[in-house]
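Notes follow the structure.
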Amino acid sequence: MEISLDGKVALVTGCGPNIGSGVALALARYGAKVACNDVEEPAIKACIARIERNGGEAMAAPGDVTDEQAVQAYLAAVLERWGRIDILVNNAALLGGRGVLDESAADFERAVRVSALGYFLNTKHAGRAMAERGIRGSIVCISSSNAWSGTAGIIAYAFHKGGVNNFVRAAAMDLAPYGIRINSFTPTAPNPDNPELLAEMARAGMGPGGVLTHGRPGGLGGPTGDEPWRRPSRWAGQRPPMVPMGTTGTPSDIGHAVAWLCSDYARLITGTDLVVDGGARAKNFAYMPAPAGELAGPVPLIELDETPRAGPGTG
Ligand SMILES: NC(=O)c1ccc[n+]([C@@H]2O[C@H](COP(=O)([O-])OP(=O)(O)OC[C@H]3O[C@@H](n4cnc5c(N)ncnc54)[C@H](O)[C@@H]3O)[C@@H](O)[C@H]2O)c1
């Protein structure tokens with residue numbers, strides 16, 4: 001038996017080069033036609049080009065996920081071109097931010113708005129398009145490990161990602177009568193594997209791990225003040241091994257799992273969360289696994305991107 005999304009149409013929001021592009025590519029490799037949304041035109045173009053050079057079919061769905069008219073317009077364009085929508089992946093979000101003592105009201109509101117309104121409006125209008133056509137589709141909301149436990153320095157992110165998890169449970173109740181499923185997927189600091197992003201990170205002097213934060217101050221644990229009363233919020237020394245299987249994986253690992261979750265094999269899975277993290281979330285806080293180099297590690301990744309990898313830091 002082989003998992004196939006042949007004949008299905010998908011929309012992925014926020015198809016930037018990391019997780020959104022990885023999930024969009026996976027859905028295409030499993031056979032879906034994929035509409036690629038973003039506010040950044042270059043991100044859409046790069047995602048479409050990546051899908052096409054890997055043999056898939058894609059279209060642009062440009063627009064701000066928080067703008068209801070824009071959401072309705074790009075969904076109408078998808079329906080006009082392909083006649084249906086079977087899969088929605090709510091992925092667009094703003095990473096980074098600051099802690100509760102430092103976050104600004106404007107940045108807090110903006111981050112919550114993109115996530116809350118974006119996930120709601122796309123679910124509402126894609127859900128309606130599915131229900132009106134009798135399509136028993138699948139919606140996946142990208143959450144975060146920061147939705148399940150606390151990290152210092154990202155108070156807005158923690159707030160809206162926590163909201164995603166219960167949004168999914170409630171929306172699952174609204175959509176169940178129509179046979180439409182909605183689940184969250186929890187990425188846990190995946191290691192980017194898009195060859196173009198790896199090259200961009202190498203140019204920026206970053207290693208293969210890390211998070212590029214587009215348009216938000218700081219990464220995880222963003223900037224704080226330097227008043228004399230300040231206390232450090234995190235361990236600054238060398239980090240012990242954190243992941244029982246040695247790696248949290250890549251956007252391709254996420255893509256395989258999301259594609260399966262959107263397939264008919266998962267027909268009764270709704271209102272729940274899927275995590276692919278080598279056991280990181282299951283781990284007790286006091287338990288430190290052995291270093292990755294001493295572990296058997298997972299079986300090799302089944303690659304989705306056939307683009308040749310080249311250049312420094314991309315091997
Ligand atoms: N990178 C990680 O380590 C990590 C870990 C856990 C969860 N996540 C989640 O995975 C998802 C993708 O993360 P990523 O690292 O690929 O992020 P990213 O910043 O690389 O991509 C997000 C994309 O969303 C787009 N976007 C932002 N606002 C938008 C709007 N209003 N309308 C349409 N598009 C908009 C951006 O232009 C960008 O291309 C997010 O939901 C993030 O919270 C990421």
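In straight-distance terms, cross-link reach from K124 covers every one of the aspartates and glutamates whose alpha-carbon lies under 16 Å from its own, apart from those fewer than eight places away in the same chain; here that gives D64, D67, E68, D86, E132, D174. Relative to the longest principal axis of the Cα atoms of the chain, helix 68-82 runs at roughly 50 degrees. Within a straight-line Cα-Cα reach of under 21 Å, K45 can be paired with the following lysines, leaving aside sequence neighbours fewer than 8 residues apart in one chain: K33. Cα centroid separation, the stretch 46-76 to the stretch 181-200: 18 Å. Summing Cβ point charges (Lys, Arg +1; Asp, Glu -1) relative to the Cα centre of the chain gives a dipole of roughly 520 debye. Each Lys or Arg adds one and each Asp or Glu subtracts one; over the other residues with Cβ under 12 Å from the Cβ of G20, this totals -1. With a Förster radius of 45 Å applied to the beta-carbon distance between R267 and R113, the computed FRET efficiency rounds to 0.85.
Taken about its Cα centre, the stretch 1-60 carries a charge dipole of roughly 80 debye when the Cβ of each Lys and Arg holds +1 and the Cβ of each Asp and Glu holds -1.
The long axis of helix 105-133 is offset from the longest Cα principal axis of the chain by roughly 30 degrees. Taking a sphere under 13 Å around the Cβ of G31 and counting the other residues whose Cβ falls inside, with K and R at +1 and D and E at -1, yields a net charge of -2. If the chain linking S149 and D67 were pulled fully straight, counting 0.36 nm for each residue of separation and taking away their Cα-Cα distance, it would gain 26.5 nm. Listed peptides 133-145, 294-306, 88-100, 269-281 appear in the order 88-100, 133-145, 269-281, 294-306 once ranked by packing, highest mean of other Cβ atoms within 10 Å at the front. Between T186 and S143, L274, V275, V276, the built amide H atoms are under 5 Å apart, and every one of these is 5 or more places off in sequence or on another chain.
One decimal place: the segment E52-A170 gains 38.9 nm when fully extended, by the rule 0.36 nm per residue minus the C-alpha distance.
Set against the 2.2 N^0.38 Å expectation for a compact globular protein, the stretch 122-172 has a Cα radius of gyration ratio of 1.41. Applying 0.36 nm per residue to the separation of L295 and R128 and subtracting their alpha-carbon distance, the gain on full extension is 55.4 nm.
Between the residues L11, G55, N37, the greatest Cα displacement towards the positive end of the dipole of the stretch 1-113, with unit charges on the Cβ of Lys, Arg, Asp and Glu, is found for G55.
Close amide H pairs (under 5 Å, H built 1.01 Å from N) link A60 with C36, residues at least 5 positions away or on another chain. Output the 0 to 90 degree angle, nearest 10, between the alpha-carbon long axis of helix 19-29 and the longest principal axis computed from the alpha carbons of the chain. It is inclined by approximately 40 degrees. Does the stretch 6-87 classify as rounded, prolate or oblate by the C-alpha gyration tensor (a ≥ b ≥ c root eigenvalues; a/c under 1.5 gives rounded; else a/b over b/c gives prolate, otherwise oblate)? Because a/c hits 1.5 or more and a/b fails to exceed b/c, the stretch 6-87 counts as oblate. Sorted from longest to shortest, the spans of the Cα atoms of the chain along the three principal axes equal 60, 43, 36 Å.
Taken as Cα centroids, the stretch 255-269 and the stretch 1-19 sit 11 Å apart, rounded to the nearest whole angstrom.
Bear in mind these aren't lab numbers, they're just calculated from the coordinates by the rules spelled out. Worth saying up front: this structure is predicted, and the values here are computed from it rather than measured. Neighbour counts run over all protein chains shown; Cβ positions are idealised from the backbone, glycine included.
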